[in-house]
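Participant: Have a look at this one before I ask anything.
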Amino acid sequence: ELRTLGKEYKSATALAKRLPKIEGGPGNAADAAQSVIDVVDNGNPQRLCVVTEDEALQRRLSNLTGVPLLRFARQQLVLQPPSERSKAGAMQVAHELEA
């Protein structure tokens, strides 16, 4: 997706190629947001954190449990508070561990 943004993202594209590839997204050329959702869906089994400024993706991720969401605010990385759904999922796991 970075390549489609143009030459000003050439450095970011080169750096992204060095990052490890995470398997689990769709094998076709699906959009990046859906690939992120696919990888962290079903309880985020790889225990990944997602950093995004995409508000639509943030809303979609907030509906999933166990997906830490980070964003940039004033040039600082900020961990978003867990969604109500994540809190409920954590409480359920805690109750199961107590039983």
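The values are calculated or read from the model by the stated rules, or taken from the named source; none is laboratory data. As the structure is a prediction and not an experimental result, all values here were calculated from the model. Every residue, glycine among them, receives a Cβ derived from its backbone with ideal geometry; neighbour counts consider all protein chains shown.
Participant: Condition first: assigned to a loop (DSSP other than H, G, I, E, B), surrounded by 12 or more Cβ atoms within 10 Å (Cβ to Cβ) and either of a type in the set (G, A, S) or at positive phi (or both). Now tell me which residues in segment 82-99 satisfy that.
Facilitator: First, the residues of segment 82-99 that are assigned to a loop (DSSP other than H, G, I, E, B): 82-83, 99.
Those left that are additionally surrounded by 12 or more Cβ atoms within 10 Å (Cβ to Cβ): 82-83.
Of everything in segment 82-99, just one residue is assigned to a loop (DSSP other than H, G, I, E, B), surrounded by 12 or more Cβ atoms within 10 Å (Cβ to Cβ) and either of a type in the set (G, A, S) or at positive phi (or both), namely S83.
Participant: I've got another one for you. Restricting attention to segment 17-38, and to residues there that are within 25 Å of S62 (Cβ to Cβ) and not in a loop (DSSP other than H, G, I, E, B), which single residue is modelled with the lowest pLDDT? Before you say what the answer is, go through the steps one by one.
Facilitator: First pass over segment 17-38, keeping only residues within 25 Å of S62 (Cβ to Cβ): 19, 22-26, 30-38.
Checking the rest, the ones that are also not in a loop (DSSP other than H, G, I, E, B) come to 32-38.
Working: A32: 80, A33: 85, Q34: 88, S35: 87, V36: 89, I37: 92, D38: 90.
Ranking the qualifying residues of segment 17-38, first place goes to A32.
Participant: So, one more: Could you give every pair whose Cβ atoms fall below 6 Å, whose first residue belongs to segment 66-81 and is part of a loop (DSSP other than H, G, I, E, B), and whose second residue is surrounded by fewer than 16 Cβ atoms within 10 Å (Cβ to Cβ), counting only separations of at least 6 or pairs across chains?
Facilitator: G66/G43; P68/C49
Participant: Among the numbered criteria (1) surrounded by 14 or more Cβ atoms within 10 Å (Cβ to Cβ); (2) more than 25 Å from R3 (Cα to Cα), which one does I37 miss?
Facilitator: (2)
Participant: Moving on to the next point. Can you tell me which residue within segment 50-65, out of those that are in a helix (DSSP H, G or I) and among the charged types (D, E, K, R), is surrounded by the most Cβ atoms within 10 Å (Cβ to Cβ)?
Facilitator: Applying the first criterion (in a helix (DSSP H, G or I)) to segment 50-65 yields 55-62.
Now restrict to residues that are among the charged types (D, E, K, R): 55, 59-60.
Details: E55: 9, R59: 10, R60: 17.
Only one residue fits best here, namely R60.
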